[in-house]
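I have placed the structure first, in the form of structure tokens, so that the comments after it can refer back to it.
The numbers here are math on the coordinates, done by the rules we state, and not lab data. Nothing here was measured: the structure is a model prediction, and the numbers come from that model. Every residue, glycine as well, gets a Cβ built from its backbone with ideal geometry; the counts of neighbours run over all protein chains shown.
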Amino acid sequence: MSRNIPPVTGMKDVLAAEIGVWQHVERTMAGVLAAYGYEEMRVPVVEHTDLFKRAIGEYTDVVEKEMYTFTDQGGDSLTLRPEATAGMVRAAISNGLLRGARLKVWCQGPMFRHEKPQKGRYRQFTQIDVEAIGFAGPDVDIELIALTHRLWKLLGLTRVKLQINSLGTPEARRNYRELLKQYFLQHLDQLDADSKRRLEGNPLRILDSKIPATQAIVANAPVLTEHLDTESQAHFAELKAGLDAIGIPYTVNPRLVRGLDYYSRTVFEWITDALGSQDAVCSGGRYDGLIAQLGGEATPAIGFAMGVERVVELTRLAGQAPAAAAPDVFLMAQGEAAQRAALKLSEQLRDALPGRGVVVHCGSAKFKTQFRRADESGARIALVIGEDELARGVVALKPLRGAETTQTEHPLAEVTARVDEFLRRST
């Protein structure tokens, strides 16, 4: 006896009943991005493994523990993308899009990380990734944050708060890294095994620890914002002044370092208290050295990634999910000839009334059953073609919503005009 094959652990189906809120979030985001001058591009979900090792950093959880990596038939090590920035940058380099260019681009699609599944965290998850390449000043940092702030307003989300920080230049971060190392060496016996391992590779990763004993040590560690270079201090000051000027509230979180090694200067995160432990909704920052690190010309850049599943859930919790779209017209018929006539009429209606939803009842059923299904569909009117109507060359029109309930008959040639008139009158 065969048994059902379950979905892969941590990978979730999105069913038709749920898709409306997804489409609402995605349409709204696409509209905001277009209004700010960002263009969509699409990159592969599979890249060479070395791309992520070089971009993200070998001492990150993503590279060490979470990537889906395999060797293909040609012997190449390939990885399902765990994030999109590295691929977007690779695409800009591979396609010769840099050379002094200023790019505002975005992509959307599935990412893959072998994490422990929990609410708001999946092994296949969807991100909207936005990148501004070729911009050095804090003005574009402010613009990206303003863009996300506008999205929350349009979606009606209020339980999101902004945290910001600056990581400084690579040189300032190297100096800070050494300070951290010396500090943590004084507490070596109290560190967990992962933190001890990271101490040599990248002690900044210890700041991300979720282990309570390590967090207690981190609480007294040196703070990066107190060790920034002069230029980064000025950049951060302009960022805060710009956010103040456009009225976006924020909190400076000196422990916000982000989980990927390519960040520098501005980092930010929108968090929520509505989703339990998975509180990050949108995270990003500046990565001025990444493009050169991946073989391109030295180019400043900043971007962010937004978890669509989490934004969808926030939208649903806020009661902002749109109602499912109902058809305008439901056609029902009995008999083979009437069914063919209904199908032909449905195509005529779609041609003449673009944008109107027209559903045909498929399969044999009594008219009582078909009327019940028409009512359940939410359609505004039903069109009925039985053998008698077909013989007389008419179609019955039955209102299903509103005060008007009288069923009327109309010649087949006039039905499209009568339907259009009725729908306009009842809007």
Distance between the stretch 88-113 and the stretch 143-193 - C-alpha centres, whole angstrom: 24
Over the stretch 1-109, relative contact order from alpha-carbon pairs under 8 Å, at least 6 apart, %: 29
Amide H contacts under 5 Å for GLN320, placed H, 5+ residues apart: none
Local net charge near ALA341, Cβ-Cβ under 14 Å (Lys/Arg +1, Asp/Glu -1): -2
Distance between modelled label sites at ASP139 and LYS181, nm, 7 Å Cα→Cβ extension: 4.0
Whole-Å distance, taken between Cα centres, linking the stretch 28-52 and the stretch 290-321: 9
Positive-end extreme of charge dipole, the chain - chosen from GLY75, LEU15, HIS227 (charges on Cβ): LEU15
Least to most buried among SER209, SER277 (fewest other Cβ within 10 Å first): SER277, SER209
The chain - Rg and Dmax from Cα coordinates, angstrom: 28.2, 95
In degrees, nearest ten, helix 138-155 long axis to first principal axis of the chain (Cα): 30
Relative packing of 134-146, 20-32, which averages over residues the other C-beta atoms within 10 Å, highest first: 134-146, 20-32
Relative contact order, percent, the chain [alpha-carbon distance under 8 Å, six or more residues apart]: 16
Sequence-separation-based contact order of the stretch 329-421, relative, with Cα cut under 8 Å and 6+ spacing, percent: 30
Lysines with Cα under 18 Å of LYS210, excluding same-chain neighbours fewer than 8 positions away: LYS65, LYS116, LYS119, LYS196
Sorted by Cβ density within 10 Å, fewest first, the residues HIS149, HIS235: HIS149, HIS235
Sorted by Cβ density within 10 Å, fewest first, the residues CYS282, CYS107, CYS362: CYS362, CYS107, CYS282
Local electrostatic count at VAL415 - Lys and Arg +1, Asp and Glu -1, tallied over other residues with Cβ under 14 Å: -2
Pair ARG401, THR71: separation of 7 Å Cα→Cβ label points (nm): 6.0
Local electrostatic count at ALA325 - Lys and Arg +1, Asp and Glu -1, tallied over other residues with Cβ under 13 Å: +2
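Grab the Cα-Cα distance for ALA34 and GLU226, subtract it from 0.36 nm times how many residues apart they are, and report the gain in nm with one decimal.
Here the answer is 65.3 nm.
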Ranked by how many other beta carbons lie within 10 Å on average, peptides 60-66, 268-274 from highest: 268-274, 60-66
222 nm mean residue ellipticity, helices alone, for the chain (DSSP H n ≥ 4; -39,500 (n - 2.57); rounded to 500): -11500 deg cm²/dmol
Sites matching GluC sites (Glu not before Pro) across the stretch 328-427 that sit in DSSP coil, with at most 16 neighbouring C-beta atoms within 10 Å: GLU404
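Can you bin the stretch 329-421 into rounded, prolate or oblate? Criterion: square roots of the alpha carbon gyration tensor eigenvalues sorted a ≥ b ≥ c, rounded for a/c under 1.5, prolate for a/b above b/c, oblate for the rest.
Here the stretch 329-421 falls in the rounded category.
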Between 0 and 90°, nearest 10: helix 308-317 axis offset from the chain longest Cα axis: 60
Using a Förster distance of 25 Å, the FRET efficiency for LYS119-HIS24 (Cβ separation, nearest 0.05): 0.75
Partners for LYS240 among aspartates and glutamates (Cα-Cα distance below 13 Å; same-chain residues under 8 apart left out): ASP139, ASP141, GLU143
0 to 90° range, to nearest 10: angle between helix 85-94 axis and the chain longest Cα axis: 90
Pairwise label distance in nanometres, ARG255 with VAL14, each label 7 Å out on the Cα-Cβ vector: 3.3
Cross-link partners of LYS53 among aspartates and glutamates (Cα-Cα below 14 Å; sequence separation of 8 or more within a chain): ASP61, GLU64, GLU66, GLU83, ASP261
Cα lying deepest toward the dipole's positive end in the chain, options ALA136, LEU294, LEU349, charges on Cβ: LEU349
